[in-house]
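Trainee: I'd like to ask some things about the structure below.
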Amino acid sequence: MNAILKTEFYADRAVDQIDNFIKITYKVIWWIWPTVFWICFFCLWFLSKDMLKVVQDIGSRLLAILPVPDTVLYAVALLPFWLWLMGELLSSTVKIVRKFMLYPKSDFTETAMVPVEKKELIVHRSSKSGTSHSYLIWLKHPVSQSIMKVDVEQAETFEKIKEGSLITVKHLLTPTNIIYLTVE
C-alpha cells in the first residue's frame, strides 16, 4: 500500500531554539557526570585504608544528619535522564501550544515564495533497526529574515526540493518565526 506523499510542513524557530539548548545542556551534563564519577571512583580507589575509613565516617555522618530517602538518591543518580525527559516535554508542550492554541493555522493568511538556502540529509545510525534519516531544509522567514530549519520528514519530498528553488510558505505579518511550508 502506497503512503500519501506529505507536502505541507510546520516549522517553529522557538521550538528549535529550545531543542538546541536542551541538546547542548544534555551534552555538557553527560561530559561532567561521568567525569565526576570516575574522578571520585579513582580517588577512593587510591586512598590509603586510614583515609578511606575517615571518608566513610564523614559520609555516614552526613547521611545520618540529612535524612535522605534512598529513592531521592536514585533520582539524583538519574538526573541526566530526568533533565532530558523534562526538556523533551517542554519542547513538545511549547510546540503544541504555539501550533494549535496561540497561532492556529487558520491565522496564517500571508503567503510568500522563499528560496531554499540549504538542504541537509542527516543519517542517524542505530544498531537494531538499521539507519534513520532526517531531511532538513533551511530557509529565511519572509518577515524576520531569520534562518529557519524545516524537517521535511519524507525522502521523496526532500528529493523534489532543490537548493535555490522557490518554495511557498504561509506566515503571519509579525516576526513570529512560525511558517507552514508547502512543497509542490
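The values are calculated or read from the model by the stated rules, or taken from the named source; none is laboratory data. Since the model is a prediction, treat every value here as computed from it, not as a measurement. Cβ atoms come from the backbone with ideal geometry, glycine included; neighbour counts cover every protein chain shown. Areas reflect the complete protein model, heavy atoms only, side chains present, ligands, DNA and RNA absent. Shrake-Rupley method; radii C 1.70, N 1.55, O 1.52, S 1.80 Å.
Trainee: Looking at (1) farther than 19 Å from K99 by Cβ; (2) touching a strand residue (DSSP E or B) at 6+ places or on another chain (Cβ under 6 Å), can you tell me which one M148 breaks?
Mentor: Result: M148 fails condition (1) only.
Trainee: Among what's in the stretch 1-41 and is outside any helix (DSSP H, G or I) and open to solvent by 40 Å² or more (accessible area, probe 1.4 Å), pick the residue that is nearest to H141 (Cα to Cα).
Mentor: Keep residues of the stretch 1-41 that are outside any helix (DSSP H, G or I), which gives 1-12.
Then drop every residue that is not open to solvent by 40 Å² or more (accessible area, probe 1.4 Å), which leaves 1-8.
On the way: M1: 36, N2: 33, A3: 30, I4: 27, L5: 24, K6: 21, T7: 18, E8: 16 Å.
Residue satisfying both the conditions and the ranking: E8.
Trainee: How about the stretch 1-56: which of its residues are more than 26 Å from the chain's Cα centre (by Cα) and either under 24 Å from Q145 (Cα atoms) or polar (S, T, N, Q) (or both)?
Mentor: N2, S48, Q56, listed by residue number.
Trainee: Touching a residue at least 60 places away in the same chain (Cβ under 8 Å), closer than 30 Å to A155 by Cα and within 21 Å of the chain's Cα centre (by Cα) - does that describe any residue in the stretch 65-86?
Mentor: Yes; the residues of the stretch 65-86 include at least one that is touching a residue at least 60 places away in the same chain (Cβ under 8 Å), closer than 30 Å to A155 by Cα and within 21 Å of the chain's Cα centre (by Cα).
Trainee: In addition: Of the residues that sit in the stretch 42-51 and are in a helix (DSSP H, G or I) and open to solvent by 90 Å² or more (accessible area, probe 1.4 Å), which one is nearest to G87 (Cα to Cα)? Outline the logic, then answer.
Mentor: Pass one, the stretch 42-51, residues in a helix (DSSP H, G or I): 42-45, 49-51.
The next check asks that each one be open to solvent by 90 Å² or more (accessible area, probe 1.4 Å); those that pass are 42, 45, 49-51.
Numbers: F42: 32, W45: 35, K49: 43, D50: 44, M51: 41 Å.
Within the stretch 42-51, the match that is nearest to G87 (Cα to Cα) is F42.
Trainee: Which ranges mark the strands (runs of 3 or more DSSP E) fully within the stretch 114-184 that have 2 or more residues being without any contact (Cβ under 8 Å) to a residue 40 or more places away in the chain and open to solvent by 70 Å² or more (accessible area, probe 1.4 Å)? It would help to see each step written out before you state the result.
Mentor: Working: elements: 131-140, 147-151, 166-171, 178-182.
Qualifying strands (runs of 3 or more DSSP E): 131-140.
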